[in-house]
Amino acid sequence: MKPLSSRRTRIVATLGPATDEPGVLEGMLAAGLDVVRLNFSHGKADDHRQRVQRVREVAAAQGCEVAVLADLQGPKIRIAGFASGPAQLKNGQPFTLDTKLGAQDGDNKAVGLEWPQLLNDVGPGDTLLLSDGAIRLTVDSVDDSKVHCTVVQGGKLADRQGLNRLGGGISADALTEKDFADIVTATELNADYMAVSFPASADDMLAARRALDAAGSEAYLVAKIERQEALVELEGIIRASDAVMVARGDLGVEIGDAELPGVQKRIIRLSRELNRPVITATQMMESMRSAPQPTRAEVMDVANAVLDGSDAVMLSAETATGDYPVKTVETMSRICEGAERHRNDNRSEAMLNMHFQQTDEAIAVATVYTANHMNASAILALTESGNTALLMSRMACNTPIYALTPHKRSERRLKLCYGVISISFNPGERRGAEMIDHAVATLVKTGVVSSGQRVLVAKGDFEAAGATNTMKIVTVD
């Protein structure tokens, strides 16, 4: 079994050409990678199949489990391509988005548009953003096939760049035909999480869940918050999801950079209040795509995401196509550990005044409270679904939380939860005190507890999700 990490914040990293290089995956997993992300915006189905197979081979060799997150492309609105390479747009010049222009016929005056619906969603005076907000256009007029604009902020515009409207308001279904096909692929790959891009409401997440059910998938749903409209419907979207991602790229473009830090904190806070794991993503270590160390600003960004209450932080192009994927994971892990020494989840005290409808949540809160007020060396959650450990992770806990589960899927899902270390556990025919003794013995074998120390055990009287109803204090013998 791989040695247990002391880091509590989880690390998600995107697979790509850089991780295909010999020895890279081995190094990333050894550095503490918890979740791999498949970006369905790039690559073919066979690429993702090969990468998942390779991840599982490496994980098995290292004696650990790694969760798989399949990230659907969603209705990403893009321009088409240019005939002679990237176009250089200058401030004040006219530029046209043309739905009838060929896929590679663009120039510095016009480019094709792959989303005809845009003609109905924008009007004179609107601001359109390209290349993650680096290029700004003001809409002058719209006719039956073209959006006529003036360049306000120019720059180099390359093929198939994403397009956003400042303030949101572009109508698009959350799932495209490509997404439905990718859901089938992700189901075949036994993905643990499925991320839905650009949901605008809870209905979008419910539609995605129906698509997962139809495909036979058991994946948990991640809502990527990246549209202005999603902020209006935020609580409903979170409740309709199993986890949340603060997708700061498109979100920052739509709401503006100045609003993004406060919105990030709001999303994280509400996700934790509703007992959902939350990932902070996008350009966290961007400079490490080509440099062996991050900027001080990037160090602060990662640390602040941890201090805000993120369960996980995510790497995108840094590992998918960057020059230093292993070192980037190592560096992010080190920054997370440093920030964790100063993290304080102020929800803990508030929970003590709550009235609980669920027995497992009451037991989880009582266990963490007891652990924080006595000299316990570990919390041991015997769990079927992983929910008890997840509930414990919502509170500030000074004691390590070990989730023992007989289900590999639950073990992998918990890889996204702050402060939880999941361990494979086979109780066999053991029940009651005998099962607790066996669980404690399993923890002793890992080397994290020893004779004479006290362990808090949370368990249920019968095997079922949400059945945790007992807390017991055990002295290791």
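The values are calculated or read from the model by the stated rules, or taken from the named source; none is laboratory data. Bear in mind the structure is a predicted one, so any value in this text is a computation, not a measurement. No Cβ is skipped: glycine too gets one built from the backbone with ideal geometry, and neighbour counts run over all protein chains shown.
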* Go over the candidates Thr321, Thr328 one by one and state the one that is buried (at least 18 other Cβ atoms within 10 Å of the Cβ) and either farther than 21 Å from Gly27 by Cα or at pLDDT 95 or above (or both). => Thr328
* Residue check, Glu235 buried (at least 17 other Cβ atoms within 10 Å of the Cβ) and either more than 30 Å from Gly106 (Cβ to Cβ) or not basic (Lys, Arg) (or both) -> no
* Asked: Which fully enclosed strands (runs of 3 or more DSSP E) of segment 146-193 have 3 or more residues being surrounded by 15 or more Cβ atoms within 10 Å (Cβ to Cβ) and not aliphatic (A, V, I, L, M)?
  -> 146-153
* Asked: Of these, Gly428, Gly386, Gly338, Gly432, which one is surrounded by fewer than 22 Cβ atoms within 10 Å (Cβ to Cβ) and under 30 Å from Met314 (Cα atoms)?
  -> Gly338
* **Pick from segment 389-416, criterion of a type in the set (Gly, Ala, Ser), touching a helix residue (DSSP H, G or I) at 6+ places or on another chain (Cβ under 7 Å) and modelled with pLDDT of 90 or more, ranking: surrounded by the fewest Cβ atoms within 10 Å (Cβ to Cβ)** => Ala403
* **Check on Asp257, touching a strand residue (DSSP E or B) at 6+ places or on another chain (Cβ under 7 Å) and either at pLDDT below 95 or not assigned by TED's automatic domain parsing to the domain that holds His42 (or both)** => no
* strands (runs of 3 or more DSSP E) fully within segment 370-477 counting 3 or more residues that are within 27 Å of Asp308 (Cβ to Cβ) -> 376-382, 401-405, 420-424
* **Subset tally (residues that are touching a residue at least 24 places away in the same chain (Cβ under 8 Å) and under 17 Å from the mean Cα position of the chain (by Cα)) for segment 287-303** => 2
* List pairs: first in segment 52-81 and farther than 17 Å from Ala320 by Cβ and free of Cβ contacts under 8 Å to residues at least 24 places away in the same chain, second assigned to a loop (DSSP other than H, G, I, E, B) and among the acidic types (Asp, Glu), Cβ under 8 Å, 6+ apart or cross-chain? -> none
* Check segment 171-194 and report whether any residue there is under 18 Å from the mean Cα position of the chain (by Cα), under 18 Å from Lys265 (Cα atoms) and not aliphatic (A, V, I, L, M). => no
* To do: Take Val184 and decide whether it is modelled with pLDDT of 95 or more, of a type in the set (A, V, I, L, M) and farther than 27 Å from Val232 by Cβ.
  => yes
* Check on Gly322, in a helix (DSSP H, G or I) and more than 16 Å from the chain's Cα centre (by Cα) -> no
* Asked: Does Leu119 satisfy the condition of being touching a helix residue (DSSP H, G or I) at 6+ places or on another chain (Cβ under 8 Å) and either surrounded by fewer than 19 Cβ atoms within 10 Å (Cβ to Cβ) or closer than 30 Å to Ser410 by Cα (or both)?
  -> no
* Out of (1) within 35 Å of the chain's Cα centre (by Cα); (2) outside any loop (DSSP other than H, G, I, E, B), the odd one out for Ser141 is which? -> (1)
